[in-house]
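The values are calculated or read from the model by the stated rules, or taken from the named source; none is laboratory data. Bear in mind the structure is a predicted one, so any value in this text is a computation, not a measurement. With ideal geometry, Cβ positions are generated from the backbone for all residues, glycine too; neighbour counts draw on all protein chains shown. These accessible areas exclude ligands, DNA and RNA; they are computed on the full protein's heavy atoms, side chains included. Shrake-Rupley method; radii C 1.70, N 1.55, O 1.52, S 1.80 Å.
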Amino acid sequence: MAWVESVSPSFRARHESDQTDDAARVLESLERTREHLDELFPRTVADVTVVLHPRGTLLALAHPLLPAARLLVAPAARRYLVGWAGSRELHALAPSALAERASGVPGSQEMLALTTDALYARIVIAANNPALPPPYTPARAARALRWAWLFEGAAQFLGGQTPYARPAIARRLREGSRPDFPPSLRDASLLGGSVLDLLAREEGIAAVVRLVSRLQPAGPRESLVQAFRGRPLDRTADAWRSHLGRPVAGSR
């Protein structure tokens, strides 16, 4: 199958020729996400290339660390790790492959369909907070691991995936022990967005933007104390665990 290119004002997509309609929908969604993020952040990023891979094997060849990364997260989150972001390039499964990967529970297909939006949010966050990747320098990668709940959760929340994560979160809560707060590396990609959703509910979306735009020197735990206006971390943890059982507000 020949590869072709589709273009929108801020993005271009490389995809197989039979994926033209799907690529157009991906680009339209990305343009909406860019408009939304442009209202929140001082800068967004244009001229981004999106590579839509028809099969997981091709995505793994493009980014060999992705299969290994899936082993680091809770089983409930693994089906949603289907892409990778560079500074101006996104790699993800094509929509048809994402639909095949979705489970039968509500929200799974919708969450997967927003994969490229979440990856683009990661690029915008890095453009406004150069302490985080991409690009993946050793120092930035180390900070992404230390702040994994923020790094992963901000992309999920700002990319619009968090409202659809509830069934996967419910599976995680059934299958595992009580999650740490803030979420551990293993839980960051699934539960991190719920931390930011709670912050948006209590303090507003501007508080989320402040939190993701600058890493506090005192570290992740103290950053949450400050974000929630000095509330002790254990009290915020209790509020968060209660929040996991409620519908989420989402970033938009």
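Just to be sure before I move on: is ALA170 of a type in the set (A, V, I, L, M) and open to solvent by less than 20 Å² (accessible area, probe 1.4 Å) in the structure I sent?
Criteria not met by ALA170.
Of the residues ALA60, ALA13, which is without any contact (Cβ under 8 Å) to a residue 40 or more places away in the chain, under 30 Å from ASP180 (Cβ atoms) and among the small types (Gly, Ala, Ser)?
None of the other options fit; the residue is ALA60.
List every residue pair whose Cβ atoms sit under 9 Å apart, with the two residues 6 or more apart in sequence or on different chains, where the first one lies in the stretch 26-48 and is touching a residue at least 12 places away in the same chain (Cβ under 8 Å) and the second, anywhere, is hydrophobic (A, V, I, L, M, F, W, C) and open to solvent by 100 Å² or more (accessible area, probe 1.4 Å).
none
Give all pairs with beta carbons closer than 7 Å in which a residue from the stretch 175-202 that is more than 19 Å from GLY159 (Cβ to Cβ) and of a type in the set (A, V, I, L, M, F, W, C) meets a residue that is open to solvent by less than 20 Å² (accessible area, probe 1.4 Å) and assigned to a helix (DSSP H, G or I); count only pairs at least 6 apart in sequence or on separate chains.
PHE181/ALA237; PHE181/TRP240; LEU185/ALA148
Of the residues SER242, SER223, which single one is assigned to a helix (DSSP H, G or I), open to solvent by less than 50 Å² (accessible area, probe 1.4 Å) and out of contact with any His (no Cβ under 7 Å at 6 or more places or on another chain)?
SER223
Looking only at the stretch 57-72, decide whether some residue is under 24 Å from VAL208 (Cβ atoms) and of a type outside the set (Gly, Ala, Ser).
no
Out of all the residues in the stretch 25-42, which are farther than 12 Å from GLY159 by Cα and open to solvent by less than 30 Å² (accessible area, probe 1.4 Å)?
VAL26, LEU27, PHE41, listed by residue number.
Here is a list: ALA165, ALA154. Which entry is under 24 Å from LEU30 (Cβ atoms) and modelled with pLDDT under 95?
ALA165
Could you tell me which numbered condition THR57 fails, if it satisfies all but one of (1) open to solvent by 50 Å² or more (accessible area, probe 1.4 Å); (2) within 22 Å of LEU191 (Cα to Cα); (3) of a type in the set (Ser, Thr, Tyr)?
(2)
When you go through (1) buried (at least 17 other Cβ atoms within 10 Å of the Cβ); (2) within 19 Å of ALA168 (Cα to Cα) one by one for LEU72, which number turns out not to apply?
Checking LEU72 against (1) buried (at least 17 other Cβ atoms within 10 Å of the Cβ); (2) within 19 Å of ALA168 (Cα to Cα), the one that fails is (1).
Could you tell me how many of the residues in the stretch 226-238 are touching a residue at least 40 places away in the same chain (Cβ under 8 Å) and not in a helix (DSSP H, G or I)?
Residues flagged as touching a residue at least 40 places away in the same chain (Cβ under 8 Å) and not in a helix (DSSP H, G or I) within the stretch 226-238 amount to 0.
Every residue in the stretch 226-239 that is on the phi < 0 side of the Ramachandran plot, surrounded by fewer than 19 Cβ atoms within 10 Å (Cβ to Cβ) and not aliphatic (A, V, I, L, M), please.
Those that are on the phi < 0 side of the Ramachandran plot, surrounded by fewer than 19 Cβ atoms within 10 Å (Cβ to Cβ) and not aliphatic (A, V, I, L, M): GLN226, ARG231, PRO232, ASP234, ARG235, ASP238.
Touching a helix residue (DSSP H, G or I) at 6+ places or on another chain (Cβ under 8 Å), part of a helix (DSSP H, G or I) and either surrounded by 12 or more Cβ atoms within 10 Å (Cβ to Cβ) or modelled with pLDDT under 95 (or both): which single residue out of ASP22, ASP18 fits that description?
When all the criteria are applied, what remains is ASP22.
Pull up the stretch 108-151, narrow it to residues that are among the charged types (D, E, K, R) and open to solvent by less than 50 Å² (accessible area, probe 1.4 Å), then point me to the one that is nearest to ARG25 (Cα to Cα).
Looking at residues that are among the charged types (D, E, K, R) and open to solvent by less than 50 Å² (accessible area, probe 1.4 Å), I get ASP117.
Outside any helix (DSSP H, G or I), of a type outside the set (Gly, Ala, Ser) and under 20 Å from GLU39 (Cβ atoms) - does that describe any residue in the stretch 192-213?
No, because not a single residue in the stretch 192-213 is outside any helix (DSSP H, G or I), of a type outside the set (Gly, Ala, Ser) and under 20 Å from GLU39 (Cβ atoms).
Would you confirm, using the coordinates I've provided, whether PRO217 is part of a helix (DSSP H, G or I) and open to solvent by 10 Å² or more (accessible area, probe 1.4 Å)?
No, not satisfied.
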